[in-house]
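Worksheet: the structure to be examined is printed underneath.
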Amino acid sequence: MSLKYHSGDEIRKGDRVLLSRESGVIKFVADPSLDNPDTQWYVNEFGGGVMVAHERLGPVFIDDPESDGDLELVDRADAGN
């Protein structure tokens, strides 16, 4: 199960996004279906989610990105990310 934007597009590390109409970048995806020790704490605490490096606010964790209409994909990350 991959995490998705409100639009239905899959969220990927490195995607450029708007969060509340301001620029940001997806720093990591804490997907509960993947065994990743780097993001396991976020899966345990919140059930998964995404970390956004927000231009103004700094790091922002969103635990239910599919329901968050304020998180919008602007440009897809390179395939290597």
Reported set for region 39-75 where residues are in contact (Cβ under 8 Å) with a residue 60 or more places away in the chain, charged (D, E, K, R) and more than 11 Å from Val17 (Cβ to Cβ) is Glu66
message: Against the definition (part of a loop (DSSP other than H, G, I, E, B) and in contact with a Ser or Thr (Cβ under 8 Å, 6 or more places away or on another chain)), how does Ser7 come out, yes or no?
response: no
ask   = at pLDDT 95 or above, loosely packed, with under 13 Cβ neighbours inside 10 Å and in contact with a Leu (Cβ under 6 Å, 6 or more places away or on another chain), is that true of Val74?
value = yes
Per the filter on region 2-12, residues within 11 Å of Leu73 (Cα to Cα), in contact (Cβ under 8 Å) with a residue 24 or more places away in the chain and within 11 Å of the chain's Cα centre (by Cα) are Lys4, Tyr5, Ile11, Arg12
(Q) Looking for something under 17 Å from Asp63 (Cβ atoms), modelled with pLDDT of 95 or more, in contact with a Phe, Trp or Tyr (Cβ under 7 Å, 6 or more places away or on another chain) and of a type in the set (A, V, I, L, M, F, W, C) - is there at least one such residue anywhere in region 35-43? (A) no
Of the residues in region 13-47, those that are more than 14 Å from the chain's Cα centre (by Cα), under 17 Å from Asp68 (Cβ atoms) and either among the β-branched types (Val, Ile, Thr) or surrounded by fewer than 12 Cβ atoms within 10 Å (Cβ to Cβ) (or both) come to Arg21
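The values are calculated or read from the model by the stated rules, or taken from the named source; none is laboratory data. This structure is a prediction, so every number in the text was calculated from the model and none was measured. Cβ: placed from backbone, ideal geometry, glycine included. Neighbour counts: every protein chain shown.
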